[in-house]
1. Please verify whether region 48-55 includes one or more residues that are within 14 Å of the chain's Cα centre (by Cα) and free of Cβ contacts under 8 Å to residues at least 24 places away in the same chain.
2. Counting only residues that are open to solvent by 60 Å² or more (accessible area, probe 1.4 Å) and under 16 Å from S2 (Cβ atoms), how many does region 47-65 have?
3. Going by the structure shown, is E25 under 14 Å from the mean Cα position of the chain (by Cα), at pLDDT 85 or above and either of a type outside the set (A, V, I, L, M, F, W, C) or assigned to a helix (DSSP H, G or I) (or both)?
4. Please identify the pairs in which a residue from region 11-29 that is on the phi < 0 side of the Ramachandran plot and touching a residue at least 24 places away in the same chain (Cβ under 8 Å) has its Cβ atom under 8 Å from the Cβ atom of a residue that is assigned to a loop (DSSP other than H, G, I, E, B) and surrounded by 11 or more Cβ atoms within 10 Å (Cβ to Cβ), counting only partners at least 6 apart or on another chain.
5. For the structure I just gave you, tell me whether Y31 is of a type in the set (S, T, Y) and over 10 Å from the mean Cα position of the chain (by Cα).
6. Out of S9, S34, S38, S52, which single residue is in contact with a helix residue (DSSP H, G or I) (Cβ under 6 Å, 6 or more places away or on another chain) and among the small types (G, A, S)?
7. Quick check on my filter: what residues within region 30-46 are touching a residue at least 24 places away in the same chain (Cβ under 8 Å) and open to solvent by 40 Å² or more (accessible area, probe 1.4 Å)?
8. Residues that are touching a residue at least 24 places away in the same chain (Cβ under 8 Å), open to solvent by 80 Å² or more (accessible area, probe 1.4 Å) and not in a strand (DSSP E or B): does region 3-10 have at least one?
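The values are calculated or read from the model by the stated rules, or taken from the named source; none is laboratory data. Bear in mind that the values here come from a model prediction, so they are computed numbers and not experimental data. Here the Cβ positions follow ideal geometry from the backbone for every residue, glycine too, while neighbour counts run over all protein chains shown. The area values use the complete protein model at the heavy-atom level, side chains included, leaving out ligands, DNA and RNA. Shrake-Rupley method; radii C 1.70, N 1.55, O 1.52, S 1.80 Å.
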Amino acid sequence: MSATDTIRSNRKYFPIELKKGKQLERGEYRYLTSNGVSVIKWMDKKEVLVASNYFDPEIEGEVNRRDKDG
């Protein structure tokens, strides 16, 4: 069974290394993996935190963003 979801940084057992890390620029990300579960911190306009045992954060891909007006 696989799962992926957003999480909050005040969640029990959330990695301290991701809480206290340096501020990321837009588009940057950091991640930690333990026991097959990855926690990814990604910066968009705001910080996005995702936990997953399905996606591998070491595999990078590029995404094209759409303009707001079209």
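1. No: zero hits.
2. Applying the first criterion (open to solvent by 60 Å² or more (accessible area, probe 1.4 Å)) to region 47-65 yields 47, 53-56, 58-65.
This time we only want the ones that are under 16 Å from S2 (Cβ atoms), so: 53-56, 59.
Going through region 47-65 one residue at a time, the tally reaches 5.
3. On the way: under 14 Å from the mean Cα position of the chain (by Cα): yes; at pLDDT 85 or above: yes; either of a type outside the set (A, V, I, L, M, F, W, C) or assigned to a helix (DSSP H, G or I) (or both): yes.
Yes; evaluated as a whole, the condition is true for this residue.
4. Here the result reads F14/I7; L18/S9; Y29/P57, each pair linking region 11-29 to a residue that is assigned to a loop (DSSP other than H, G, I, E, B) and surrounded by 11 or more Cβ atoms within 10 Å (Cβ to Cβ).
5. Numbers: of a type in the set (S, T, Y): yes; over 10 Å from the mean Cα position of the chain (by Cα): no.
Taking the combined requirement at face value, the residue does not satisfy it.
6. On the way: S34 fails: in contact with a helix residue (DSSP H, G or I) (Cβ under 6 Å, 6 or more places away or on another chain); S38 fails: in contact with a helix residue (DSSP H, G or I) (Cβ under 6 Å, 6 or more places away or on another chain); S52 fails: in contact with a helix residue (DSSP H, G or I) (Cβ under 6 Å, 6 or more places away or on another chain).
Checking each option against the conditions leaves just S9.
7. Step one: list which residues in region 30-46 are touching a residue at least 24 places away in the same chain (Cβ under 8 Å), which gives 31, 33, 39.
Matches in region 30-46: Y31, T33.
8. Narrowing region 3-10 to residues touching a residue at least 24 places away in the same chain (Cβ under 8 Å): 3-9.
Then keep just the ones that are open to solvent by 80 Å² or more (accessible area, probe 1.4 Å); that gives 5-6, 8.
This time we only want the ones that are not in a strand (DSSP E or B), so: 8.
Yes, some residue in region 3-10 is touching a residue at least 24 places away in the same chain (Cβ under 8 Å), open to solvent by 80 Å² or more (accessible area, probe 1.4 Å) and not in a strand (DSSP E or B).
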